[in-house]
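Participant: Got a structure for you, questions after.
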Amino acid sequence: MTAAASIVEQPAVRFTGVVVALLAVAIFINYIDRGNLATAAPLIQRELKLSPFEVGVLISGFFWIYVPGQLVAAWLVTRINAYRTLAIGLALWSVATMFTGLTTGFTALLALRLLLGLGESAGFPASSKLLAQHLPLNRLGTANAMISSGIMLGPAAGTFFGGLIMAHAGWRALFVLFGGASLLWLVPWLYTTRALSAATADEVRVAVGPSLGQMLARPELWAASVGHFASNYPFYLVLSWLPLYLVKAHGYSLTAMAELGGFVYVLSAAVALSAGALADRWMARGASSNRVRKTLMGAASVAAIVCMLMCALGSPQIAIAGLVLSSLSNGLGSFNLYAIGQTLAGPAAAGKWIGVQNCLGNVSGIVAPLITGAIIGATGEFQLAFLVAAFVAAVGLVCWMVVIRRVEPIDWSGEAAAA
């Protein structure tokens, strides 16, 4: 039996659905806390007398540390295990959220946004390591879909409940309450995973997987990273510009905008959960991981291209239909891009692989809003911005379907022998 196989089999008996559910809640909290600033920005800007540029710096500053922080988190996963890495990360971002409600100036806010990004960078390297370490390939669909649903539901819940809190208690209460509630997650996590974490500690030191150099030499890693970037680009465009697009370009009221935006996010989560279960059943009936992952990821990429073209070239009704269609792209792509990375890397390497993939993939969180803003500023319209997003999604389609020849575990022992 190989070292990688032993990692999967030994602790699998105790890795229950409760742990997967707690991972999903952690990512849900992750996306609520990162979006709090955008929700409260109008009140913060007025009270602290911040310029629009300073607000933009605060929102984008999260990604300055979140992107490279993926590599730090991946390193920690191999040193202290994924359970402890995620607990440390969540504690950091919860404290940063709480103290944001106590700040009185731009510099302190920016420092806390950087701390938030550092803490939240632990989310996907740690969760991907744990799923690849404990679950067989034909169970990765549902587990990743549960986690990815937090990506969609977090912004919706944060906006809705954050608005209610601010209406009654102000923006400072929003951060203090959400940060404190986030810390409560540590109680069930530490209790549930204490034995698993202890059992995994020695295994982490024995089997650290391939080196970073070996991984960077694989074209599949670069293709998955570019594909991740391309899949995220339309999502971040919609995430950052959807409210303004609906209000300015189509005359939606704030209430109607919130209803449509919330519907898109909730529908995306429903698609992810349904498709994740479908993928697992398909593989349980004998379909290969290559066939399942490429079919669903290809469909997600094509849906993203069509959605962006509908928004760019269609009538207002077609453009709104395109935005609703984006839920199909978001739902299918959100969990499969992680499942593909976990499958290629295998149990021993998934943490580091997803660290690199998520690092490069989330550069789109910096680039997409900036390029979109520049285009709108230059043209006064959204059409070209959506066309650029369609082109980027097409590049992703090529990466997932062509450059990655087969979605199957890489034989790292052969790589080590060759080295």
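Participant: Can you give the extra length, in nm with one decimal, that the chain gains between Thr295 and Val363 once fully stretched, where that is 0.36 nm per residue apart less the Cα-Cα distance?
Facilitator: Length gained between Thr295 and Val363: 21.9 nm.
Participant: Based on the mean of other Cβ atoms within 10 Å per residue, sort peptides 110-117, 214-221 so the most packed one is first.
Facilitator: 110-117, 214-221
Participant: Same structure again: Mind sorting Trp93, Trp241 by how few other Cβ atoms lie within 10 Å of their own Cβ, fewest first?
Facilitator: Sorted ascending by nearby Cβ count, the order is Trp241, Trp93.
Participant: Obtain the radius of gyration and the Kirkwood radius of the range 149-230 from its C-alpha atoms and give Rg over Rh. Walk me through the numbers on the way to the answer.
Facilitator: Values: Rg = 20.2 Å, Rh = 17.2 Å.
With Rg and the Kirkwood Rh in hand, the quotient comes to 1.18.
Participant: Any idea what the relative contact order of the chain is, in percent, if you count C-alpha pairs under 8 Å spaced at least 6 apart?
Facilitator: Answer for the chain is 26 percent.
Participant: So how far apart, in nm, are the two label points at Ser413 and Gln317 if each is 7 Å from Cα heading toward Cβ?
Facilitator: Placing both labels 7 Å along Cα→Cβ, they lie 6.2 nm apart.
Participant: Calculate the FRET efficiency for Ala287 and Val402 from the Cβ-Cβ distance with a Förster distance of 35 Å, rounded to the nearest 0.05.
Facilitator: Calculated transfer efficiency: 0.95.
Participant: Now, a different point. Looking at the chain as a GNM with Cα springs under 10 Å, which of Tyr233, Tyr265, Tyr191 has the largest mean-square fluctuation?
Facilitator: Tyr191
Participant: In deg cm²/dmol and to the nearest 500, what is the mean residue ellipticity at 222 nm of the chain if only DSSP H runs of at least 4 residues count, each as -39500 (n - 2.57), divided by the residue total?
Facilitator: For the chain, the value works out to -28500 deg cm²/dmol.
Participant: So, in the chain, how many Lys pairs have Cα atoms under 29 Å apart, if the pair is 8 or more places apart or on different chains?
Facilitator: Going through the chain pair by pair, I get 4.
Participant: Can you list, largest first and rounded to whole Å, the semi-axes you get for the range 8-418 by taking the square root of 5 times each eigenvalue of its Cα gyration tensor?
Facilitator: They are 32, 27, 19 Å, listed largest first.
Participant: Modelling each spin label as a point 7 Å along the Cα-to-Cβ direction, I'd like the Ala108/Gln383 distance in nm, to one decimal.
Facilitator: Roughly 4.8 nm, to one decimal.
Participant: Can you put Asp33, Asp411 in order of Cβ neighbours within 10 angstrom, beginning with the fewest?
Facilitator: By the 10 Å Cβ count, ascending, the order reads Asp411, Asp33.
Participant: Please report Lys49, Lys294 as a ranked list, fewest other C-beta atoms within 10 angstrom at the top and most at the bottom.
Facilitator: Sorted ascending by nearby Cβ count, the order is Lys49, Lys294.
Participant: Something else about it: I want to verify a result. In a Gaussian network model of the chain, Cα cutoff 10 Å, which of these has the top mean-square fluctuation: Ala122, Ala199, Ala394?
Facilitator: Among Ala122, Ala199, Ala394, the largest GNM mean-square fluctuation belongs to Ala199.
Participant: Right, next: Quick one: Karplus J couplings for the range 113-127, per residue in order, coefficients 6.51, -1.76, 1.60, θ = phi - 60°, nearest Hz, x for Gly and Pro?
Facilitator: Couplings: 5, 5, 5, 4, x, 5, x, 6, 5, 6, x, 7, x, 5, 5 Hz.
Participant: With unit charges on the beta carbon (Lys/Arg positive, Asp/Glu negative), name the residue among Thr103, Ala279, Leu237 whose Cα is farthest towards the positive pole of the charge dipole of the chain.
Facilitator: Selected residue: Ala279.
Participant: So, one more: Lys/Arg Cβ at +1, Asp/Glu Cβ at -1, dipole of the range 7-98 taken about the Cα centre: which of Leu86, Val67, Gln45 is farthest positive-ward?
Facilitator: The residue sitting most towards the positive pole is Leu86.
FYI, it's all coordinate maths here, none of it is from the lab. What you are looking at is a predicted structure, and each value in this text was computed from that prediction instead of being measured. Positions of Cβ are backbone-derived with ideal geometry, glycine not excepted, and every protein chain shown enters the neighbour counts.
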